[in-house]
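Input: a single structure, listed below in C-alpha cells.
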Amino acid sequence: MTDLKSQTLTELQKEMEQLGEKKFRAKQLYSWMHEKLVDDFDQMTNLPKGLLTRLKENYTLTRLVPLEVQVSKQDGTAKFLFQLPDGNVIESVLMRYHHGNSVCISSQVGCRMGCRFCASTLGGLTRGLTPSEMLEQIYQIQKWSEERVHNVVVMGTGEPLDNYETLLRFIELLSTEGGLHISQRNITVSTCGIVPKIKELAKENLQITLALSLHAPTQEKRKSLMPIASRYELSEVIEACCYYFNKTKRRITFEYSLVGGINDTREDAKELIRLLKPLNCHVNLIPVNPIKERDYVESKHQTVINFKNYLEKSGIHVTIRRELGRDIDGACGQLRKSYMDREEER
C-alpha cells in the first residue's frame, strides 16, 4: 500500500483527485501527518468518514515504535531505539543546547561504509530508510519531549548519500510549509565522502550544511580508518567539497574524530592545516567514543585542547564537539548493537 507520509503535498493532491475528493483534502491530510504529527487515521477529525475508510483500505501511515529510551543523567541527552514497521531497529538522539533542540537521525538500517571506529557499521547494511521513517524519528522525539525540534542532523546510522533520493524527499518534506517547516539552514547532512553524490547534491539548490567525515589529514591514514578512502582519493574528496562550496556558497564542516595515538599528533595537525587552510570551512573535533569491538581509545583531554589551539593559530575555524550522553550508549550504533546482541543471546 502507498506510504502517505512519504508523499509530497502535490502527490497527495493527485491521490485525493483519484479518490474523487477535493484537492483541499490533501492539505488537511498533510497537516495531520506533518504538523499535528498524528499516526492514526481516526485522529483526523475533519476528514469525512467515507474518505477515512478508503484511506485505511488503500494507504499506510508509517509509525515508529519506541523500544527503549536512555536519558543521560549528566546532560539530559536522550537516545532512542525505534522499531520500524518491518521489525528492524534504528536509533536517534535528542541533544539539548542553549540555541535549541537538535535531533540526530539515522538514514539507513546499518551501514556498509565500514568506518573502523563506528559501531553502526559492525553488522553491515540491511536497507535504506524511507522518507517517512526518517521523518518519524523527529516526530516521535518531538512528541516524547513535548518540545520543538530546531535543528536536524542526518548523522546517525547509515550514509545519507547512499540513500540519495530518499534524502532529498526527506529534506523537502521537513523544510516546506505545512509541516514542521524547519529551515534548510538548520539541516546538516553528514557524508563519509561519496564524491559523485557530493557534486550531485551541490546542484540541488539546497541551503543545507554539508559535513564531511574527514578523520585523517592524509590519504594513507584515512584509508586505515575509512574503507571509502580506497575508492575516492582524499584529493578528489577535497575537490568535491570545493565544488560544493562554489555552487552553494555554504561553508563545509569537516568532522574529525580524534583517536588516541592514531590521528591526534602535532604532525597530524600540521597536515590538516596544510589540507584545509585554503578552504572556507569549519572543523569540528570529536573525541572518539570508544566501542568494545575496536581497540581505539579517545585522545587525552589536553591533547584535544592542544590540537584545537594549533589549528586556531593557523586561522582555521574550529570547535570541540560537546561530549553528550557519555553515561549512556551515546555513540553512533551503540544502542542498536547492544539491543541486537541481547536479541541474539535469547
- Item | Cα-centred dipole magnitude for the chain, charges only on beta-carbon of K, R (+1) and D, E (-1), debye, nearest 20 | 900 debye
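Where both residues lie in the stretch 65-345, what percent of DSSP beta bridges are antiparallel, nearest 5?
Working: 21 of 47 bridges.
Antiparallel: roughly 45 percent of the beta bridges in the stretch 65-345.
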- Query: So for Y30, Y97, Y232, fewest C-beta neighbours within 10 Å to most, what's the order?
  - Reply: Y97, Y232, Y30
- Query: Relative contact order, percent, of the stretch 65-345 when contacts are C-alpha pairs under 8 Å separated by at least 6 residues?
  - Reply: 18 percent
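In debye to the nearest 20, how big a dipole does the stretch 2-60 give about its Cα centre with +1 on each Lys and Arg Cβ and -1 on each Asp and Glu Cβ? Working shown, then result.
Details: 10 positive and 10 negative charges, 51 e Å.
Rounded to the nearest 20 debye, it is 240 debye.
Please figure out what share of the DSSP beta bridges in the stretch 97-186 is antiparallel and state it in percent, rounded to the nearest 5.
Working: 4 of 9 bridges.
Percent antiparallel among DSSP bridges in the stretch 97-186 is about 45.
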- Additional length obtainable on full extension of the chain from Q74 to K49, 0.36 nm per residue less Cα span: 4.2 nm
- Message: For the pairs K73/K203; K73/K223; K36/K199; K14/K197, flag any whose C-alpha to C-alpha distance is greater than 32 Å.
- Response: K73/K203; K73/K223; K36/K199
- Query: How do L19, L210, L234 line up, fewest other C-beta atoms within 10 Å first?
  - Reply: L19, L234, L210
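Given a Förster radius of 25 Å and the C-beta distance between Q302 and K270 as r, what FRET efficiency does 1/(1 + (r/R0)^6) yield to the nearest 0.05?
Working: r = 18 Å, r/R0 = 0.72.
My answer for the efficiency is 0.90.
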- Note on the structure: When the charge dipole of the stretch 2-60 is computed with +1 on Lys and Arg Cβ and -1 on Asp and Glu Cβ about the Cα centre, the Cα farthest towards its positive end, among T53, G20, W32, belongs to G20
- Note on the structure: With +1 at each Lys and Arg Cβ and -1 at each Asp and Glu Cβ, the charge dipole magnitude of the stretch 1-123 around its Cα centre, to the nearest 20 debye, comes out at 220 debye
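Most exposed first by the Cβ proxy, i.e. fewest other Cβ within 10 Å, how do L122, L161 rank? Each step should come with its number before you reach the end.
Values: L122 18, L161 22.
Sorted ascending by nearby Cβ count, the order is L122, L161.
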- Note on the structure: Here, E146 and Q18, labelled 7 Å along Cα→Cβ, have an inter-label distance in nm of 4.0 nm
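Read-outs throughout are calculated quantities, based only on the coordinates presented, and are distinct from any laboratory measurement. Being a predicted model, the structure only gives us computed values, none of them experimental. A quick note on method: Cβ atoms are made from the backbone with ideal geometry, for glycine too, and the neighbour counts reach across all protein chains shown.
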